[in-house]
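Undergrad: There's a structure below that I have some questions on.
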Amino acid sequence: MRVLGVETSCDDTAVAIYDTEVGLLAHRLFSQVDIHADFGGVVPELASRDHICKITPLVTQVLKAAQCEYSDLEGIAYTAGPGLIGALLVGATFARSLAWSLQCPAVAVHHHEAHLLAPMLETQHNLTFPYLALLVSGGHTMLVKVICVGNYQVLGETLDDAAGEAFDKTAKLLGLGYPGGPALAKLAEQGNAGHYDFPHPMTDRPGLDFSFSGLKTAVSNAWHQSDKKEQTRADIAYAFQQAAVNTLVIKCRRALIQSEMKRFVVAGGVGANQALRVALTDLGREMAVKMIYPRPEFCTDNGAMVAYTGSCYLQRGVRTGLAIKVDPRWSLRDLREG
């Protein structure tokens, strides 16, 4: 089955074509970073407008790259939530209308589920169900036991800011611009250990839930009370990143012990952070757990993961009706096949 995937949940317009016999044929993405940089974060209205402008040209490009015609498509998958409601509606309206015009089936995809299944795009991982996953991005931080497609057990999630959001807000506080996560990670490389010691939120109590608001507040207090020199900025960035990474690793260790899983997937944009990857790789070596990291292009939002996830459901005969519906707060806990 040849499936077109459409992803417009936030500030990336992404499309891909996945063939269930051949694999990923092509994928394209347009990032809106430059559009939102002056505002220090994503402006929902601007995001929606740009999705409208970019989605059709991107589909044309991906069809050409895959050497396909519209008539070759046998299914359309699109992200229906969670995300920004305006952005979601652009992708859903386009995808559902295209499916109707081609008289082919369409299916709504859960954004978190697509991230959790993204490593299935790369056969070299030899990944099989079940496995444990850390989904860590700008909007989400959760530990999930992936039992099979459509069957997920959320073991823990953030109670406030997601890890990626904490990275971005800390970067903005330090004057690093947007997107802040990669800039902060780069600045942290110049920082020195021992100058600041930030808290590891919720690690002194049982459970697998996360909270990063206290860490963000501690960093803010330290910055405002500092001399604000460049080395101080780097030292704070280093200490923040260490605290965030250590917090994630502590929770991952607990989840591995609790679940007894020996396969662990790191999904989401923050999964590309090198300090986190090094720490989790060490954890995997220590606990004899296979650590799996999708390529960076499959960590961040992309159309390939949506096309793959959609193909899994479409092959089972799951279809989404003609009504165009999205859910900006769609919880993975509420996901039900069909």
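Undergrad: So, in the range 28-63, how many residues would count as being closer than 15 Å to Val90 by Cα and of a type in the set (Lys, Arg)?
TA: Total meeting the criteria: 2.
Undergrad: Only one of (1) open to solvent by 60 Å² or more (accessible area, probe 1.4 Å); (2) of a type outside the set (A, V, I, L, M, F, W, C); (3) modelled with pLDDT under 95 is not met by Gly269, so which one is it?
TA: So the condition that Gly269 fails would be (1).
Undergrad: Would you check which residues across the range 186-217 are under 16 Å from Ala171 (Cα atoms) and surrounded by fewer than 20 Cβ atoms within 10 Å (Cβ to Cβ) and list them?
TA: Selection gives Lys186, Glu189, Gln190, Ser213, Gly214, Thr217.
Undergrad: Only one of Gly138, Gly177, Gly156, Gly164 is in a strand (DSSP E or B) and either touching a helix residue (DSSP H, G or I) at 6+ places or on another chain (Cβ under 8 Å) or without any contact (Cβ under 8 Å) to a residue 24 or more places away in the chain (or both); which? Can you show your working first?
TA: Numbers: Gly138 fails: in a strand (DSSP E or B); Gly177 fails: in a strand (DSSP E or B); Gly164 fails: in a strand (DSSP E or B).
Among Gly138, Gly177, Gly156, Gly164, only Gly156 is in a strand (DSSP E or B) and either touching a helix residue (DSSP H, G or I) at 6+ places or on another chain (Cβ under 8 Å) or without any contact (Cβ under 8 Å) to a residue 24 or more places away in the chain (or both).
Undergrad: Could you grab the pairs with beta carbons closer than 6 Å, sequence gap of 6+ or different chains, first residue in the range 68-97 and among the hydroxyl-bearing types (Ser, Thr, Tyr), second one open to solvent by 10 Å² or more (accessible area, probe 1.4 Å) and not in a helix (DSSP H, G or I)?
TA: Listed by first residue and then by second, the contacts come to Thr93/Ile324.
Undergrad: Could you list, in sequence order, the residues of the range 131-157 that are β-branched (Val, Ile, Thr), open to solvent by 10 Å² or more (accessible area, probe 1.4 Å) and within 16 Å of Phe210 (Cα to Cα)?
TA: Val154
Undergrad: Something else now. Within the range 218-237, track down each residue that is among the aliphatic types (A, V, I, L, M) and open to solvent by 90 Å² or more (accessible area, probe 1.4 Å). Before the answer, list the steps.
TA: Within the range 218-237, the first condition is being among the aliphatic types (A, V, I, L, M), and the residues that meet it are 218-219, 222, 234, 236-237.
Those that are among the aliphatic types (A, V, I, L, M) and open to solvent by 90 Å² or more (accessible area, probe 1.4 Å): none in the range 218-237.
Undergrad: Moving to a separate point now. Working only within the range 189-210, note down all residues that are under 22 Å from His140 (Cβ atoms) and of a type in the set (A, V, I, L, M).
TA: Of everything in the range 189-210, those that are under 22 Å from His140 (Cβ atoms) and of a type in the set (A, V, I, L, M) turn out to be Met202, Leu208.
Undergrad: Right, next: Answer yes or no as to whether Thr128 is open to solvent by 10 Å² or more (accessible area, probe 1.4 Å) and among the hydroxyl-bearing types (Ser, Thr, Tyr).
TA: Yes, satisfied.
Undergrad: Sort out which residues of the range 285-310 are buried (at least 19 other Cβ atoms within 10 Å of the Cβ) and in a helix (DSSP H, G or I), and write them in order of number.
TA: So in the range 285-310, the residues buried (at least 19 other Cβ atoms within 10 Å of the Cβ) come out as 289, 292-294, 298-310.
Residues satisfying the conditions are Phe298, Cys299, Gly303, Ala304, Met305, Val306, Ala307, Tyr308, Thr309, Gly310.
Undergrad: Could you tell me whether Thr170 is modelled with pLDDT of 95 or more, hydroxyl-bearing (Ser, Thr, Tyr) and touching a strand residue (DSSP E or B) at 6+ places or on another chain (Cβ under 9 Å)? Reasoning before the result, please.
TA: Values: modelled with pLDDT of 95 or more: yes; hydroxyl-bearing (Ser, Thr, Tyr): yes; touching a strand residue (DSSP E or B) at 6+ places or on another chain (Cβ under 9 Å): no.
No: the conditions fail for Thr170.
Undergrad: Tally time: how many residues in the range 100-114 are small (Gly, Ala, Ser), within 18 Å of Gly81 (Cβ to Cβ) and in a helix (DSSP H, G or I)? Let's see the steps before the verdict.
TA: In the first step, residues of the range 100-114 are kept if they are small (Gly, Ala, Ser); the result is 101, 106, 108, 114.
Then drop every residue that is not within 18 Å of Gly81 (Cβ to Cβ), which leaves 106, 108, 114.
When the remaining residues are screened for being in a helix (DSSP H, G or I), the result is 114.
Count: 1.
Undergrad: When the range 218-242 is examined, which residues are found to be within 24 Å of the chain's Cα centre (by Cα) and polar (S, T, N, Q)?
TA: Residues satisfying the conditions are Gln241, Gln242.
Undergrad: When the range 288-308 is examined, which residues are found to be in contact with a strand residue (DSSP E or B) (Cβ under 7 Å, 6 or more places away or on another chain) and among the aliphatic types (A, V, I, L, M)?
TA: Listed by number, the residues that qualify are Val289, Met291, Ile292, Ala304, Val306, Ala307.
Undergrad: Further, regarding this structure: Could you give every pair whose Cβ atoms fall below 8 Å, whose first residue belongs to the range 203-219 and is within 15 Å of Ile250 (Cβ to Cβ), and whose second residue is open to solvent by less than 50 Å² (accessible area, probe 1.4 Å) and basic (Lys, Arg), counting only separations of at least 6 or pairs across chains?
TA: Thr203/Lys251; Leu208/Lys251; Phe210/Lys251
The values are calculated or read from the model by the stated rules, or taken from the named source; none is laboratory data. Nothing here was measured: the structure is a model prediction, and the numbers come from that model. Glycine gets a Cβ as well: all are built from the backbone with ideal geometry, and neighbour counts include every protein chain shown. Please note that ligands, DNA and RNA were not included when accessible areas were found on the heavy atoms of the full protein model with its side chains. Shrake-Rupley method; radii C 1.70, N 1.55, O 1.52, S 1.80 Å.
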